[in-house]
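Heads up: the structure comes next, in structure tokens.
Read-outs throughout are calculated quantities, based only on the coordinates presented, and are distinct from any laboratory measurement. Remember, predicted model here, so these are calculated numbers, not experimental data. Using ideal geometry, Cβ is built from the backbone for each residue, glycine included, and neighbour counts are taken over all protein chains shown.
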Amino acid sequence: MKENKDEEAIRIIIAKIKAAVPKHTFVFTDPFWMLITTVLSQRTKDETTDAAARALYERYRDIDGLAGADPDEVGSIIGKVGFWRVKSKKIVEIAGIIRDRYNHRVPDNLEDLMSLPGVGMKTAKVVLAEGFHRPSIAVDTHVFRISHRIGWSEAKTPEETTYDLERLIPKYMQVGFNPMMVEFGKAICRPVRPLCDKCPITAYCSYYEEKMKKGKKQDHSATGP
Ligand code: SF4
């Protein structure tokens, strides 16, 4: 297996993945609607999240609009999203806090973002990287699985994995890393039966190397010494 942790290798791996998957498109790129969309996205399919975020935007337009909204009405708009009851209250609260405490500006640091209701490390880091273009890596199920398969982290939790990856991936490659990995995880490095035969980074992947070793052992035991 090729070295996969030095800067040049990481650059090659990222370039190969990027070339192999569709570019992830965000419905909104401004920090406020990206924050709201990311809160909605927790345990919800992308298509459902995007449709709910668009419908919310159509109805409320901005921070003031959403801060003054009736959570029940918000709930009726986002009813297909997972945990919609809780999320409808939280996103109205978030908009109110950003209006009142932060003077209509989404905070651009981890601590303040994570103090908002319903905002954990993953959501905060998506907003920092993709809304503010600050080096930051959000670890969701795709990033967690793929980075462990490649051999970039052996951490047990998403938070520790975030720190491993932020130490490993050079800062200038961190913006866009999460959305690229999400697409890679959906298209190729899938949770069950990853499509390694279509993968451009087999030479850099620990999981693939192990799989090949096991395959060879099975071949030998099948054919005899
Ligand atoms: S070789 Fe297989 S396991 Fe490794 S990154 Fe590619 S698809 Fe995922």
Among the residues of region 180-202, how many are under 15 Å from ALA19 (Cβ atoms) and more than 9 Å from the ligand (Cβ to nearest atom)? 4
Take the residues in region 98-109 that are without any contact (Cβ under 8 Å) to a residue 60 or more places away in the chain and crowded, with 17+ Cβ neighbours inside 10 Å, then tell me which one is farthest from LEU128 (Cα to Cα). ARG99
Looking at this structure, is HIS133 more than 11 Å from VAL39 (Cβ to Cβ) and part of a loop (DSSP other than H, G, I, E, B)? yes
For region 66-83, what are the residues that are surrounded by 14 or more Cβ atoms within 10 Å (Cβ to Cβ) and either within 25 Å of PRO107 (Cβ to Cβ) or among the β-branched types (Val, Ile, Thr) (or both)? LEU66, ALA67, ALA69, PRO71, VAL74, ILE77, ILE78, VAL81, PHE83
Residues of region 130-144 being buried (at least 19 other Cβ atoms within 10 Å of the Cβ) and either within 12 Å of the ligand (Cβ to nearest atom) or among the β-branched types (Val, Ile, Thr) (or both), in sequence order, are ILE137, VAL139, HIS142, VAL143
Search result, residues across region 74-88 that are assigned to a helix (DSSP H, G or I), closer than 17 Å to ARG61 by Cα and touching a residue at least 12 places away in the same chain (Cβ under 8 Å): VAL74, GLY75, ILE77, SER88
